[in-house]
Amino acid sequence: MEFQGNLPNKLPQVGTTIFTTMSALAAETNAVNLSQGFPDFQVNPRLVEMVNKAMRIGHNQYAPMPGVRVLRDVIQRKVKRLYNADFDVDQEITITAGGTQGLTTTILSTIREGDEVILFTPAYDSYAPIIELAGGSPVYVQLKHPTYLPDWDEFKQVVNHRTRMVIINTPHNPTGAVWSKGDFDMLATILNGTNIMVISDEVYEHIVFDGHQHHSVLSHPELQHRSFAVFSFGKTFHATGWKLGYVIAPANLMAEFRKVHQYEVFSVNAPLQYALAEYMQDDKVFEIAEMYQQKRDFFHNLMANTKFKPIPSFGTYFQLYDYSALSDENDVDYAMRLTREAGVATIPISVFFNVPRQDKVLRFCFAKSESTLAEGAKRLHSWSNA
């Protein structure tokens, strides 16, 4: 018998995500899936063996609530080396069940009823629902085609006494844009003298191309004290299904984060933490940008003879293509048709906006094997030139 009570709908605007829809359509039509952002190649066998070893040794019980100490030690050293930032191992670094849990816990521990949180759109689709679940209100600043970088004058216009937090993301999903140091300086100037916090989503920190540099909020002295930085092992080590990440924040902010974290998940996968601590002793494991740039360029070269126009991707493992020379359709309809007729699944960019905007742009994931990318480009070439 179906429940007949008055079930509260906490997310009335939320249905099935476009990622689920496109992946299901790709499976149904046997399409090459360049939509959802996950690699289709294997994790380093050395890391897999380290996980097996950690399990055999007996690291199979609860990890400490903040995370395994040896892993937090490695993270502390890495952050010092890359960003010249000192964070306390015991009070300022917490291991999480993926980047999204880190985002969720941060928002739930800081946002109250009536608070406003500024987002730059197009944005990762989890941000706004989490804010709403916490009782807050998303406030949107649109990033404009084709650079998708912030307009700081527009940003200043939406900052007010209700603004509790700003969420930033660089390298940026879905566009591949990368913030400059000047962008961080502008943000710091605008927030100076306020109590506004920052969440910096840096899960693609190691995937930056063409001589660009990843600037972390952790390395900016005027932002560091007000910021939570969120990272992902899954993105860095091609193991998105492991759902493991970490958050770094000053001790007073992290204390609030851990109050929620301990009841949300308490702690996360112990053997993976021990394996990652061993694997990350070698700094070379973070050198993945060249590999991804080669994949981007490989796919870009294969797409050169199509009518899809690339928009520069300076980071992440996503490439945007403008299809306006091929169709006047809205991007959702076009992405659906591309999947059914060309046999290639992509993600329409409009779904990342709060109010869908038609830039006639699709997102392609190039974190795939060369054979997958070659087959996808072959199908697109045949279809677009038919």
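The values are calculated or read from the model by the stated rules, or taken from the named source; none is laboratory data. Keep in mind the model is a prediction, meaning the values are calculated, not measured. Using ideal geometry, Cβ is built from the backbone for each residue, glycine included, and neighbour counts are taken over all protein chains shown.
Inside segment 275-368, counting only strands (runs of 3 or more DSSP E) that do not spill past its ends, which hold 1 or more residues that are among the aromatic types (Phe, Trp, Tyr) and closer than 30 Å to Leu82 by Cα? Even if it seems obvious, please write down each step before you answer.
Values: elements: 309-311, 318-322, 361-365.
Correct list: 318-322, 361-365.
Between residues in segment 125-136 that are more than 13 Å from Thr100 (Cα to Cα) and residues that are among the acidic types (Asp, Glu), which pairs lie under 9 Å by C-beta distance while being six or more apart or on different chains?
Qualifying pairs under 9 Å: Ala134/Glu113; Ala134/Asp115; Gly135/Glu113; Gly135/Asp115; Gly136/Glu113; Gly136/Asp115; Gly136/Glu116.
Looking at Val208, Val260 in this structure, which one is touching a Gly at 6+ places or on another chain (Cβ under 8 Å), among the β-branched types (Val, Ile, Thr), surrounded by fewer than 23 Cβ atoms within 10 Å (Cβ to Cβ) and at pLDDT 95 or above?
Of the residues listed, the single one that is touching a Gly at 6+ places or on another chain (Cβ under 8 Å), among the β-branched types (Val, Ile, Thr), surrounded by fewer than 23 Cβ atoms within 10 Å (Cβ to Cβ) and at pLDDT 95 or above is Val208.
Which condition does Ile196 not pass, out of (1) closer than 15 Å to Ala229 by Cα; (2) surrounded by fewer than 16 Cβ atoms within 10 Å (Cβ to Cβ), if it passes all the others?
Single failed check for Ile196: (2).
Quick one: how many residues across segment 160-171 are crowded, with 16+ Cβ neighbours inside 10 Å and either among the aromatic types (Phe, Trp, Tyr) or touching a strand residue (DSSP E or B) at 6+ places or on another chain (Cβ under 7 Å) (or both)?
Total satisfying the criteria: 8.
Six or more apart or on different chains, Cβ atoms under 8 Å: show the pairs whose first residue is in segment 171-198 and in contact (Cβ under 8 Å) with a residue 60 or more places away in the chain and whose second is hydroxyl-bearing (Ser, Thr, Tyr) and in a helix (DSSP H, G or I).
Close Cβ pairs (under 8 Å, with a partner that is hydroxyl-bearing (Ser, Thr, Tyr) and in a helix (DSSP H, G or I)) amount to Met197/Thr110.
Just checking, which of Thr316, Thr346, Thr372 is polar (S, T, N, Q) and in contact with an Asp or Glu (Cβ under 7 Å, 6 or more places away or on another chain)?
When all the criteria are applied, what remains is Thr372.
Which of the residues spanning segment 120-140 are assigned to a loop (DSSP other than H, G, I, E, B) and within 16 Å of the chain's Cα centre (by Cα)? If you could, list the steps in order and put the result at the bottom.
Start the filter on segment 120-140 by keeping residues that are assigned to a loop (DSSP other than H, G, I, E, B), which leaves 122-126, 134-136.
Residues satisfying the conditions are Pro122, Ala123, Tyr124, Asp125, Ser126.
Looking at Phe286, Phe364, Phe298, Phe353, which is the one that is out of contact with any Gly (no Cβ under 6 Å at 6 or more places or on another chain) and either of a type in the set (Asp, Glu) or surrounded by 23 or more Cβ atoms within 10 Å (Cβ to Cβ) (or both)?
Unique residue meeting the criteria: Phe364.
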